[in-house]
Amino acid sequence: MGDIDIEIPKYFICPISLQIMKDPVTAITGITYDRDSIEQWLLKAKTTNCPVTQQPLPTFSDLTPNHMLRRLIQAWCSENALLGVDQIPTPKPSVDRFHFLKLIEEARFQDESFERTGFIGGQE
């Protein structure tokens with residue numbers, strides 16, 4: 001953002017990064033975070049508890065996109081663009097646990113097929 005002091009609505013701010021959320025997701029605890037921030041927290045933390053409530057967070061798939069909040073943030077950013085507020089891009093769709101595991105299984109199958117046929121890395 002620019003040098004102008006703009007009051008950002010507090011519910012647009014991620015409780016982890018303290019920045020405007022680009023891809024807000026709501027955890028099972030009801031707390032909304034920016035997706036990158038909560039995913040990094042869960043990868044790096046020695047616990048899988050919610051950073052705000054300290055309640056357990058079972059899996060990444062329990063992060064629900066908060067589309068309404070994202071649209072509100074995008075609208076607010078558009079309204080304040082002339083004041084130096086950056087636009088928030090539309091996030092890429094996330095891959096849920098089921099699709100992730102399916103992709104892993106397909107990759108394993110492809111690898112096994114290459115090993116059986118003798119084609120590994122495009123070589124005979």
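So here's what we get for this one:
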quantity	calculated
Residues residue 8 and residue 29, FRET efficiency given R0 of 30 Å [Cβ-Cβ distance, rounded to 0.05]	0.85
Average Cα contact separation per residue, segment 10-91, under 8 Å, 6 or more apart, as relative contact order %	30 percent
Using alpha carbons only: equivalent-ellipsoid semi-axes of segment 1-75, gyration tensor based, whole Å	23, 13, 10
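None of the figures in this text is laboratory data; all of them are computed from the coordinates on show. Predicted, not measured: the structure shown is a model, and the values here were computed from it. Don't worry about glycine lacking a Cβ; one is built from the backbone with ideal geometry, like all the others, and counts go over all protein chains shown.
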